[in-house]
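Student: Quick one: the structure is below, and I'll ask about it shortly.
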Amino acid sequence: MIPFPHSSIPDLPPGPDPAREREPESKEEEDAVDYSGLPDGLRDGARRWIEDGLIPGEFLQAVIRNDLLAATNMADPENFENLGSIVQWWWLEAPGLCWGSREKAKAWQAVSR
């Protein structure tokens, strides 16, 4: 049996934190998201999703649903290379209620419009 090369598994951010899953307490808190950690081509889509509930492109939709297999299939070379840091950005910067599963995405869209 060939041993599994554990050292080749990339470090991924931890799973969702229930403490982050809450509604923003004010418009200022909602606006406090720092989009500069995302690649330029994703910033507008992420901003429109978080602030207005407008559906982004297919790659970001897959990331928002936490469907990383689909995200890897839809990514352009830059986003493919940066997928780990893109997911980490969502984990660290985005409101916890706006991403992480298909159900969360549907609920976010419903309350954001």
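The values are calculated or read from the model by the stated rules, or taken from the named source; none is laboratory data. Owing to the predicted nature of the structure, the values given are computational and were not obtained by experimental measurement. Reconstructed Cβ throughout: ideal geometry from the backbone, glycine too, with neighbour counts over all protein chains shown.
Student: Identify the single condition in (1) out of contact with any Phe, Trp or Tyr (no Cβ under 6 Å at 6 or more places or on another chain); (2) modelled with pLDDT of 55 or more that residue 7 does not satisfy, given that it satisfies every other one.
Tutor: Every listed condition holds for residue 7 apart from (2).
Student: Here's another thing I want to ask about it. Here is a check on your reading of the model: is residue 103 in contact with a helix residue (DSSP H, G or I) (Cβ under 8 Å, 6 or more places away or on another chain) and in a helix (DSSP H, G or I)?
Tutor: When the stated conditions are applied, residue 103 does not pass them.
Student: Of all residues in region 77-108, which are without any contact (Cβ under 8 Å) to a residue 24 or more places away in the chain, within 17 Å of residue 38 (Cα to Cα) and surrounded by fewer than 16 Cβ atoms within 10 Å (Cβ to Cβ)?
Tutor: 77, 80, 81
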